[in-house]
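To start, the structure under review is shown below, and the notes come after it.
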Amino acid sequence: MSRSYLQTDQYTTIVSPLTGNTLYRNDSDDCYLVSPAFDGSKAATICDQIVRGWTSADWWQHAAGTEYEGPCTRLIGLASVVDFIERFNDLISVLNRRGPKDGAISAKTGLRRRVIELTSSLWEADLLAAPPHLPFQRLTVDIGIIEFGPHAAWIREISEVSKSLNEAYRRQASYGMWRLAMTAIGVREAGDMTPGVVRMEAVDKFRGRAIRSIRPLLAVQRRLYGAKLTITEHDWGVGRGRPRPVFDFSSVLQSDPSLVEWQTLLSNWMANDVTGGVAPKRDALTVFFRYLLACPAVTRSPVEYVSRSYNIPVRYEEWIDEQRLEAGTAAKRIGSMAGFFDWYVDVRLALEDDIGRPVRNPQLFNPIARRKEVPKRAETARDALPIRYIRELIHVITHDDYAWAKTFREDHIKRFHPVTKQWETVWSPVRAYAMLLKLFLPLRTY
């Protein structure tokens, strides 16, 4: 039995918290979802119109008489959802075959892209939803040549709102939003696009590029819904607001299973008690685990390690010195671990006095002594710019109401005018003012 590229039962019904619209999210990784409320007559009308347009186009002469002609023309005159699924499966199967003439015909006809356009039209009609991974081989789609209907025109606004200075990135913002929106049936406006409507697998597929679509989407939603919008980049799992990654250091147990107590303690501290500077503390703990692995004679019990009665065979500071790190780096690594052991002794293992206040157990101590970090050189070795030269630079920037500074295209941004209700291009003086600040004040940049 040949593979099916369409399915009808893997979906989740979602109600948008912003618009109240009911949507159907495609839960399949690589199969299209046929709408639970599939309208056969609407699908037949769309397929008839588009496919008849294909057959009357000049490029059709390259597909006529080939194995592509039959699967395409059989989309005309659909009678039921069964016909729709069967004939679409046949078309995608033929498109994915790798015949000797396939490359030449695809280049001349662009059939894969045209089928994507057809599925986009069916999606706009609430009949079909795409999977995160399209079931086409060797496919590239340019959103610039895909025409959206009235229900998907809001996608164009995503590129207009994008703050990227790169035209290609602004186009990718629309393309990414189009691909994310197509994974659910019933998306009619920007407010329908919320994290629950889109599977995180779809966002992950565009990891690194998704932020280019999500940020302008949130900007549009803030304009439309104001305080009602509570969704952030964090909820989408992108940008700086993404959830903190989990550092459980479980890999060290593969090298030494006896470190399980250290692994549990340090991973819990990272997950629950570290509030800032996660990266430096993570790096310090990684180095500390290297110390434990390199020194098997050191106790595998954290409580014993901080006991005054325990004689540490190899002190952490001594081992750090053997690694020949820079003085500043070594001081930071030692300071981070000293901070951890302060918490461990004073909070985790603390006793209570007569009135319930935490006090340190006299039998325990912090076994790591902090080191003073080596300060960086406080003076610059560079010569100062001549005052006349600085004044000339200030004149160039500010002359004729910043005329020269306004010639740079990358300093022009789009903003939504609250009166005209239109997006307009305005000059942003941020870079010019920042340069003036550097010229007026002896600020250093590194």
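Bear in mind these aren't lab numbers, they're just calculated from the coordinates by the rules spelled out. This structure is a prediction, so every number in the text was calculated from the model and none was measured. Neighbour counts run over all protein chains shown; Cβ positions are idealised from the backbone, glycine included.
Some observations on this one:
- Cα long-axis angle, helix 327-343 against the chain (0 to 90 degrees, to the nearest 10): 90
- Taking the three principal axes of the alpha carbon atoms in the chain, the coordinate ranges are 88, 70, 53 Å, sorted in descending order.
- Helical mean residue ellipticity (222 nm; -39500 (n - 2.57) per DSSP H run of 4+; nearest 500) of the chain: -13500 deg cm²/dmol
- LEU128 long-range amide H proximity, modeled H, under 5 Å: SER35, TRP123
- Three-way shape call for segment 387-440 based on the alpha-carbon gyration tensor, with the a/c threshold at 1.5: prolate
- Extension reserve of the ALA327-LYS421 stretch, reckoned as 0.36 nm per residue once the Cα distance is removed: 28.0 nm
- GLN254/LYS228 FRET efficiency (R0 30 Å; Cβ-Cβ; nearest 0.05): 0.05
- Prolate/oblate/rounded call for segment 6-236, Cα gyration tensor, a/c under 1.5 rounded: prolate
- A Stokes-Einstein calculation at 4 °C with viscosity 1.567 mPa s, built on the Kirkwood radius of segment 252-359 over Cα pairs, returns a diffusion coefficient of 87 µm²/s.
- On Cα atoms only, tilt of 111-124 relative to the major axis of the chain in degrees: 80
- With respect to the chain, whose longest principal axis is taken over its alpha-carbon atoms, helix 210-225 is tilted by about 80°.
- Distance between modelled label sites at ASP354 and ASP401, nm, 7 Å Cα→Cβ extension: 7.9
- Scaled to the globular estimate 2.2 N^0.38 Å, the Cα spread of segment 2-108, given as radius of gyration, is 1.27.
- In terms of the mean number of neighbouring beta-carbon atoms within 10 Å, the peptides 318-326, 174-182, 70-78 order highest first as 174-182, 70-78, 318-326.
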